[in-house]
2 protein chains.
Amino acid sequence: MTDLHVYDTTLRDGAQQEGLNLSVADKLDIARHLDELGVGFIEGGWPGANPKDTEFFALAQRELSLRNATLAAFGSTRRAGTVAADDPMVRALLDSGAPVVTLVAKSHVRHVETALRTTLAENLAMVRDTVAFLHGEGRRVFLDAEHFFDGYLADRDYALEVLRTAAEAGAEVVALCDTNGGMLPPQVGDVVAEALAGTQARLGIHCHNDTGCAVANSLAAVAAGATHVQGTINGYGERTGNADLLTVVSNLQLKLGQPIVPEQRLREATRIAHAISEVTNVPPYSRQPYVGASAFAHKAGLHASAIRIDADLYQHTDPMAVGNDMRMLVSDMAGRASIELKGRELGYDLSGETELLSRVVEKVKDLELRGYTFDAADASFELLLRAEVEGERLSYFDVESWRVITDSRDAGEAVSEATVKLVAGGARVVATGEGNGPVNALDHALRQALSGAYPELDKLELIDFRVRILDAAHGTDAVTRVLIETSDGSTSWETVGVAPNIVEASWIALVDGVTYGLLRQGIPVR
Amino acid sequence: MTDLHVYDTTLRDGAQQEGLNLSVADKLDIARHLDELGVGFIEGGWPGANPKDTEFFALAQRELSLRNATLAAFGSTRRAGTVAADDPMVRALLDSGAPVVTLVAKSHVRHVETALRTTLAENLAMVRDTVAFLHGEGRRVFLDAEHFFDGYLADRDYALEVLRTAAEAGAEVVALCDTNGGMLPPQVGDVVAEALAGTQARLGIHCHNDTGCAVANSLAAVAAGATHVQGTINGYGERTGNADLLTVVSNLQLKLGQPIVPEQRLREATRIAHAISEVTNVPPYSRQPYVGASAFAHKAGLHASAIRIDADLYQHTDPMAVGNDMRMLVSDMAGRASIELKGRELGYDLSGETELLSRVVEKVKDLELRGYTFDAADASFELLLRAEVEGERLSYFDVESWRVITDSRDAGEAVSEATVKLVAGGARVVATGEGNGPVNALDHALRQALSGAYPELDKLELIDFRVRILDAAHGTDAVTRVLIETSDGSTSWETVGVAPNIVEASWIALVDGVTYGLLRQGIPVR
């Protein structure tokens, strides 16, 4: 493996993202995923600055056994006019028990004078004193030189003086931060190369994506000699986010041939990126490089016909290298070639079935016009394809009617109650289910109604539910698309429903989800 | 203005994105936005390849009057073994009436042989013949050299021969395409520089974002001498998308000082990016550089206190240059400084009100723990802040109860009916509303109930409705967060509701939306 630090700051800088809130349990969870991925350092937070981060480090000492990564605590240099050893914030860094302490320090003259409101000399003293103290206490000390690139352009000598001071006081790494994210790669490369001459510390890079170049900037820094790269999983971070660590690592390893993490760990990248987005509750970005759901998905008819011949002609790397997968998308652009490929994925050999393929293409086009999407709902597509192949739609039960009532009295919590009437296994059933929402109540009533004829449904669980309003210009008057993910404990599948009414759209997706679940288990229609 | 082509392919390559479906009307709409933005060329689609694109060009000739942009039709070189003048697909390009025709051609030996299944010589003949024919018919001809970078690495001489052939036959631009998106900036720069020596045409660049470097790759190509840049709005496109044209243009103009579009047009960038995402119905990506909702949003308490002193220290460019705005986020990381700044934004001078500020911080932290987010719901935050300042929550009416019934019989379309009981203007009102969904029905019933006391509500319209399940691991058992956008015709505001029940969460957001609407108009409580 190359001697390059992969330094993850998802738990600290990533958590600055709008809408992202991590509990202590979330942080521990993410740290375990990061360790599994094989990052070298996990920046856990700022102990002393907020109780959550203090608690994280306390729990981490007891509960978190890291196999690969080293834990880092983030904090600031001592306050102006004090002594590091007496600064309670500096002491909190020691108390965190983290083997690495990463100190943020000002390296831009205007920031020292205007934001920190101290002298340039005192700022250097703060760096020297704090680094030396923590180093003396046996910690590995890294320094984040905040606003370094802007600072270098404003006053190069002072910016370099901060690096030298930190290195001389014992800092092992000095990370150059493009804090405001305004740099472009050539500039980053030049500044890193010049800074390398001015310090004996290992140089690191910390980029934000405000120019859309966080990844390229990180690579430019590495090319210029930086050997420590900071970033976050899924590019989480304030404003436009930080450099996406998985993209940077994948580029270094798969494009530039630098072995950074063991191959089998990189193959976990997609799974871990998604697992972390489950914890952060930030929906995964489908267009994310390497690990995005769409990253190796092909829709164009033009491509689909050629992919049948040689997949490598149309992908920049093997998706398996990052644990992702090529997918053929079924969409109204799909020609027969895509449907045939998709059918093959699902176990149907449709080669030569020209008429059937055309019928499916027409059907898909028609449904997509009405708001359906099969890109994201493989199970619904398989039911559709199966219906065309078999000549009739698979139906385990006949629905007579359903109804949901949601009400709230005296500002009390709302309650939903659903009634479903259907015929299954030869018997008419009327079942009622309660729930904390209309879809939940319907789901309960439907399972209740089917439990006699199909006890196998017991295993199924509705695990995700997504709603998309398809014509936002008309608000609730618009068509609603609901995607539902159902799990049987070992695998899961997505189904789709579209209707003007959100409850009806959910019902359609629920019925498909249950039907597909029974089909997967090979249950016959009773 | 610099003599650089800004070539937009949102309507063609952008439309290859997973889940993106554009009608002809959508395409015309987007073309108007692009023209307003000031792009030089708008690639409208592939006439002849699908009826939608043929219709787009037919309608564009009649209905689309472009003030800045030139329309381009995309198509392929003639089929092997035919004559361009007789190829119906080539004729369709002529018939489109577009002044520019952009031909895609193979420039990678393996693609010629494996995907196109013809000889290298015939591929060159196809390029020569098709370019010459269209050029002879008075069209400006651009050539997209597909898979150029991979092709150049596989067989440099042949790739360059394709460029030369196109230029000699009359192509004005040859765009080098990183079709599979696997390139990194230094490589792109090198290949463009070498290709420049090998052709007399203007060189263009077309990048995809598979390595997260589409923007940096485009800039590297321009630095190396390319004078034609292709991309899409919001980076739409297959897999990880195309180069985001607005990011590329903003970088060139604001970072590298190349005047590409008039300043006042760039100031429309944020508005137009969002308007186009309304048409495509792809939710805007909040972390998008320059134009994203979070692009200039600050959450960190550390930053907030310094931003009060000098905003420029914490932003890489003036957000107004792209029509965006700095925002202070209210979140559980917010210290009193952020709340004070946010209050100032809303017209409250809270400086010195330490106790009040602490109370608001506590309240926000508590609500965010329960799933609320005020990042995206300014109006709800303002109501909360107002309640703390005034000592009581603004209430135009007192709700007694509400109920919604949704039902479906005999597989018919579902119908929702809501009943709301409340006291407003001194009178108890019971009102019923129907709708095509529970929230729509509640919205109608609520307005109906309030119409006597507050006829001003007539102007308000619910224009957007978003649902987020907060703990996806439990599906419909989870807490639901609903964001509602309400408009009074000239402006709009967002409110938030959180509850286990989606209908209740919607109700909370609806009530806030209506309350804020009345407050904005200065209506007194009756």
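The values are calculated or read from the model by the stated rules, or taken from the named source; none is laboratory data. Note that the structure is a prediction, hence the values are computed from the model and not measured. Glycine also receives a Cβ, built like all others from the backbone with ideal geometry; neighbour counts cover every protein chain displayed.
The rows are residues; the columns are (1) more than 9 Å from chain A (Cβ to nearest Cβ); (2) part of a loop (DSSP other than H, G, I, E, B); (3) β-branched (Val, Ile, Thr).
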{"residue": "B:ILE484", "(1), (2), (3)": "no, no, yes"}
{"residue": "B:GLU494", "(1), (2), (3)": "yes, no, no"}
{"residue": "B:TRP507", "(1), (2), (3)": "no, no, no"}
{"residue": "B:ASP512", "(1), (2), (3)": "yes, no, no"}
{"residue": "B:GLY517", "(1), (2), (3)": "yes, no, no"}
{"residue": "B:ARG526", "(1), (2), (3)": "yes, yes, no"}
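I'm told B:GLU238 meets every condition in (1) of a type in the set (Asp, Glu); (2) more than 10 Å from chain A (Cβ to nearest Cβ); (3) buried (at least 21 other Cβ atoms within 10 Å of the Cβ) except one. Can you identify the failing condition by its number?
Going through the list (1) of a type in the set (Asp, Glu); (2) more than 10 Å from chain A (Cβ to nearest Cβ); (3) buried (at least 21 other Cβ atoms within 10 Å of the Cβ), B:GLU238 breaks only (2).
Across region B:379-393, what is the number of residues that are closer than 16 Å to B:ILE508 by Cβ and either of a type in the set (D, E, K, R) or assigned by TED's automatic domain parsing to the domain that holds B:ALA509 (or both)?
2
Go through region A:200-221 residue by residue and tally those that are more than 24 Å from the chain's Cα centre (by Cα) and within 11 Å of chain B (Cβ to nearest Cβ).
Qualifying residue count, region A:200-221: 1.
Go through the residues of region B:471-479 one by one and say whether even a single one is acidic (Asp, Glu), surrounded by fewer than 22 Cβ atoms within 10 Å (Cβ to Cβ) and away from every other protein chain (no Cβ under 14 Å).
no
Among the residues that make up region B:236-244, is at least one of them without any contact (Cβ under 8 Å) to a residue 40 or more places away in the chain, out of contact with any helix residue (DSSP H, G or I) (no Cβ under 7 Å at 6 or more places or on another chain) and of a type in the set (Lys, Arg)?
Checked region B:236-244: no residue is without any contact (Cβ under 8 Å) to a residue 40 or more places away in the chain, out of contact with any helix residue (DSSP H, G or I) (no Cβ under 7 Å at 6 or more places or on another chain) and of a type in the set (Lys, Arg).
Can you tell me which residues in region A:439-460 are of a type in the set (S, T, N, Q) and in contact with a Gly (Cβ under 6 Å, 6 or more places away or on another chain)?
The first filter runs over region A:439-460 and keeps only residues of a type in the set (S, T, N, Q), leaving A:440, A:448, A:451.
A:GLN448, the sole residue that qualifies.
Which of the numbered conditions does A:ALA295 fail, given that it passes all the others? Conditions: (1) aliphatic (A, V, I, L, M); (2) more than 18 Å from A:GLN315 (Cβ to Cβ); (3) facing chain B (nearest Cβ under 7 Å).
(2)
Limited to region A:23-58, what total is found for residues that are within 14 Å of chain B (Cβ to nearest Cβ), surrounded by fewer than 24 Cβ atoms within 10 Å (Cβ to Cβ) and at negative phi?
9
Give me a count of the residues in region B:489-523 that are farther than 25 Å from B:THR419 by Cβ and within 27 Å of the chain's Cα centre (by Cα).
Going through region B:489-523 one residue at a time, the tally reaches 6.
Could you run through region A:413-463 and say how many residues are crowded, with 22+ Cβ neighbours inside 10 Å and among the aliphatic types (A, V, I, L, M)?
Of the residues in region A:413-463, 13 are crowded, with 22+ Cβ neighbours inside 10 Å and among the aliphatic types (A, V, I, L, M).
Filter region A:308-322 for residues that are surrounded by 18 or more Cβ atoms within 10 Å (Cβ to Cβ) and out of contact with any helix residue (DSSP H, G or I) (no Cβ under 7 Å at 6 or more places or on another chain) and give the result.
If the condition is that a residue be surrounded by 18 or more Cβ atoms within 10 Å (Cβ to Cβ) and out of contact with any helix residue (DSSP H, G or I) (no Cβ under 7 Å at 6 or more places or on another chain), then A:GLN315, A:HIS316, A:PRO319 are the ones that fit.
Checking A:ALA226 against (1) part of a loop (DSSP other than H, G, I, E, B); (2) within 14 Å of chain B (Cβ to nearest Cβ), which test does it fail?
Of everything listed in (1) part of a loop (DSSP other than H, G, I, E, B); (2) within 14 Å of chain B (Cβ to nearest Cβ), A:ALA226 misses just condition (2).
Specify the residue that is nearest to the chain's Cα centre (by Cα); the eligible residues are those in region B:369-405 that are basic (Lys, Arg) and within 22 Å of B:GLN521 (Cα to Cα). Don't jump to the end; show me each part of the working.
Residues of region B:369-405 that are basic (Lys, Arg), as a first pass: B:370, B:386, B:393, B:403.
Remaining after also requiring within 22 Å of B:GLN521 (Cα to Cα): B:386, B:393.
On the way: B:ARG386: 33, B:ARG393: 36 Å.
Among those residues, the one meeting the criterion is B:ARG386.
State yes or no: is A:SER408 within 13 Å of chain B (Cβ to nearest Cβ) and either closer than 30 Å to B:ILE484 by Cα or over 35 Å from the mean Cα position of the chain (by Cα) (or both)?
Working: within 13 Å of chain B (Cβ to nearest Cβ): yes; either closer than 30 Å to B:ILE484 by Cα or over 35 Å from the mean Cα position of the chain (by Cα) (or both): yes.
So A:SER408 passes the test.
Can you tell me which residue is nearest to A:PHE465 (Cα to Cα) among those in region A:341-378 that are part of a helix (DSSP H, G or I) and among the hydroxyl-bearing types (Ser, Thr, Tyr)? Don't jump to the end; show me each part of the working.
In the first step, residues of region A:341-378 are kept if they are part of a helix (DSSP H, G or I); the result is A:341-345, A:354-369, A:378.
With among the hydroxyl-bearing types (Ser, Thr, Tyr) added as a condition, the list becomes A:354, A:358.
Numbers: A:THR354: 36, A:SER358: 32 Å.
Within region A:341-378, the match that is nearest to A:PHE465 (Cα to Cα) is A:SER358.
How about region A:312-338: which of its residues are of a type outside the set (Gly, Ala, Ser), in a helix (DSSP H, G or I) and at pLDDT 80 or above?
A:ASP312, A:LEU313, A:TYR314, A:PRO319, A:MET320, A:VAL322 - these are the residues of region A:312-338 that are of a type outside the set (Gly, Ala, Ser), in a helix (DSSP H, G or I) and at pLDDT 80 or above.
Which numbered condition in (1) at pLDDT below 80; (2) surrounded by fewer than 20 Cβ atoms within 10 Å (Cβ to Cβ) is the only one that A:GLY257 fails?
(1) is the only condition that A:GLY257 fails.
Any residue in region B:393-402 that is more than 10 Å from chain A (Cβ to nearest Cβ), acidic (Asp, Glu) and either closer than 30 Å to A:ASP398 by Cα or in contact with an Asp or Glu (Cβ under 9 Å, 6 or more places away or on another chain) (or both)?
Looking through region B:393-402, none of the residues is more than 10 Å from chain A (Cβ to nearest Cβ), acidic (Asp, Glu) and either closer than 30 Å to A:ASP398 by Cα or in contact with an Asp or Glu (Cβ under 9 Å, 6 or more places away or on another chain) (or both).
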